[in-house]
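The values are calculated or read from the model by the stated rules, or taken from the named source; none is laboratory data. Computed from a predicted structure; not experimentally measured. All Cβ positions, glycine included, derive from the backbone under ideal geometry; neighbour counts span all protein chains shown.
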């Protein structure tokens with residue numbers, strides 16, 4: 001297979017030796033930042049010299065945001081209904097019903113032929129967090145003997161992290177088909193981050209588990225989890241079912257819904273709003289699989305991953321980059337299959353409030369640095385002539401528009417929308433439009449904010465059972481917290497995205513920042529919604 005390795009492994013423009021290609025890649029790196037700052041400059045200049053045009057733009061933009069809010073709210077509700085339905089489904093029973101049926105893989109008996117390989121990279125996380133993740137997998141109704149686990153630590157994390165890994169390996173050695181512990185040692189040319197660790201572990205698993213057990217690669221489904229990931233009981237069954245029924249199982253990745261709720265009761269209000277907002281964004285995207293890319297905890301056919309060399313080891317956003325590796329390697333014949341099954345993860349919680357705010361900003365900045373994929377796939381599109389022009393245009397527009405919206409929309413809505421009235425001059429200030437613009441904007445934004453009702457409802461439904469020590473009054477705070485959404489959108493949404501895109505534009509490349517995992521208590525049960533009719 002032609003994988004295009006010669007250009008698929010670039011982390012940034014500085015990795016390219018050929019001068020012409022390096023210049024082209026560097027231009028592509030500037031696109032998100034140029035669009036961002038051009039938008040802000042146009043808004044300021046338009047408000048100064050063409051306030052009428054700027055005011056009309058703001059009103060139309062607010063109307064667009066209103067329609068978009070309605071559209072997203074509908075997707076959010078539909079995803080939740082399907083997620084709840086799938087969590088109640090016994091996927092093991094549905095798998096048994098597939099035995100003997102035709103599928104693209106030629107597999108007739110899933111219990112004998114399908115294996116799950118799970119990679120758990122960790123850094124300095126506590127023993128309890130890793131144990132909670134392993135315990136959830138062991139408690140799954142899926143046959144544990146068909147699950148192969150690789151826990152992979154980092155040598156630079158120190159002796160204490162090594163001891164934790166060894167302890168976990170001893171405790172879970174006999175609870176799965178295989179449990180392997182390994183320690184990643186930094187290699188030359190790698191970025192110190194999750195991608196390098198995952199690839200290290202995958203190659204060891206390939207040699208010491210898959211090849212040693214003579215398992216055909218197409219019979220192995222590879223899942224990689226952030227180490228705080230708690231799987232739904234139906235995860236492995238649903239993933240297997242999707243793999244066996246997919247139209248192109250070896251040309252697809254498989255994405256669960258990340259719910260950032262493990263320690264949500266412990267999080268301060270701002271962190272809860274950010275966590276639920278991230279959760280809802282990924283839920284909405286499940287209803288738009290044509291735009292879905294891989295994120296955080298995800299799954300791939302092992303055969304495909306081996307062909308493309310696993311995750312890149314020199315990028316920050318290895319989870320989304322692997323989607324583009326597959327897309328370019330297989331000439332655009334690549335897609336993400338939404339599982340509509342959740343995995344729960346930690347909300348961002350630190351030891352103090354202000355440290356939590358700092359960590360939230362850094363986490364959002366790291367996610368926004370996924371804009372590093374824009375020059376990667378644009379350069380790949382330029383080199384790969386086999387991908388259709390239509391697909392290139394589709395993905396170019398939607399990905400660039402997504403990052404542009406991330407960095408600019410909140411500022412345009414909550415801050416810059418008042419500029420035409422404030423700096424538009426005395427002449428514009430006496431017009432009817434100047435008088436009505438703030439009122440129209442206020443009405444439109446109020447209607448758009450009604451979409452928060454859906455967010456409030458789902459945030460309550462998705463809550464894990466209330467831990468001991470938290471009074472019922474906490475539910476009231478869970479409702480009132482949503483008045484902070486404008487603040488979180490601007491200061492923990494747009495601002496970190498602006499920094500990430502600006503850094504990429506100026507070649508001030510970011511390294512990988514691991515989000516610290518801190519829990520004051522361990523949430524044993526997080527999927528109460530599975531057996532509830534909208535209540536927990």
Selection from segment 436-488 of residues that are surrounded by 19 or more Cβ atoms within 10 Å (Cβ to Cβ) and closer than 24 Å to residue 419 by Cα: 437, 441, 444, 448, 485, 488
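Tell me the helices (runs of 4 or more DSSP H) entirely within segment 426-484 that contain at least 1 residues that are in contact with a helix residue (DSSP H, G or I) (Cβ under 6 Å, 6 or more places away or on another chain), more than 25 Å from residue 69 (Cβ to Cβ) and in contact (Cβ under 8 Å) with a residue 40 or more places away in the chain.
Details: elements: 426-429, 432-449, 452-461, 473-480.
Ranges flagged: 426-429, 432-449.
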Qualifying residue in segment 14-37 (condition: in contact with a strand residue (DSSP E or B) (Cβ under 7 Å, 6 or more places away or on another chain) and over 30 Å from residue 331 (Cα atoms)): no
One residue from 121, 143 being surrounded by 14 or more Cβ atoms within 10 Å (Cβ to Cβ) and closer than 19 Å to residue 206 by Cα: 121
Residue in segment 324-347 that is part of a helix (DSSP H, G or I) and closer than 24 Å to residue 260 by Cα present: no
Subset of segment 397-417 (residues that are part of a helix (DSSP H, G or I) and more than 19 Å from the chain's Cα centre (by Cα)): 397, 408, 409, 410, 411, 412, 413, 414, 416, 417
Long-range neighbours under 6 Å by Cβ, at least six apart or interchain, first residue within 24 Å of residue 287 (Cβ to Cβ) within segment 82-102, second modelled with pLDDT of 95 or more and not in a loop (DSSP other than H, G, I, E, B): 82/340; 83/340; 86/340; 86/341; 91/237; 91/238; 91/241; 94/241
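Is there a residue being in contact with a strand residue (DSSP E or B) (Cβ under 8 Å, 6 or more places away or on another chain) and touching a residue at least 12 places away in the same chain (Cβ under 8 Å) anywhere in segment 63-77? Outline the logic, then answer.
First, the residues of segment 63-77 that are in contact with a strand residue (DSSP E or B) (Cβ under 8 Å, 6 or more places away or on another chain): none.
So far as segment 63-77 goes, no, none of its residues is in contact with a strand residue (DSSP E or B) (Cβ under 8 Å, 6 or more places away or on another chain) and touching a residue at least 12 places away in the same chain (Cβ under 8 Å).
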Criterion: within 17 Å of residue 280 (Cα to Cα) and at pLDDT below 90 - qualifying residue of 486, 467, 438: 486
Odd one out for residue 323, checked against (1) out of contact with any strand residue (DSSP E or B) (no Cβ under 8 Å at 6 or more places or on another chain); (2) farther than 30 Å from residue 351 by Cα: (1)
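Determine whether segment 298-309 contains at least one residue that is without any contact (Cβ under 8 Å) to a residue 60 or more places away in the chain and more than 25 Å from residue 385 (Cβ to Cβ). Can you show your working first?
Kept after step one, since they are without any contact (Cβ under 8 Å) to a residue 60 or more places away in the chain, are these residues of segment 298-309: 304.
Next cut, more than 25 Å from residue 385 (Cβ to Cβ) only: none.
For segment 298-309, residues without any contact (Cβ under 8 Å) to a residue 60 or more places away in the chain and more than 25 Å from residue 385 (Cβ to Cβ): absent.
Is it the case that residue 378 is within 21 Å of residue 57 (Cα to Cα) and either assigned to a loop (DSSP other than H, G, I, E, B) or in contact with a helix residue (DSSP H, G or I) (Cβ under 7 Å, 6 or more places away or on another chain) (or both)?
Taking the combined requirement at face value, the residue does not satisfy it.
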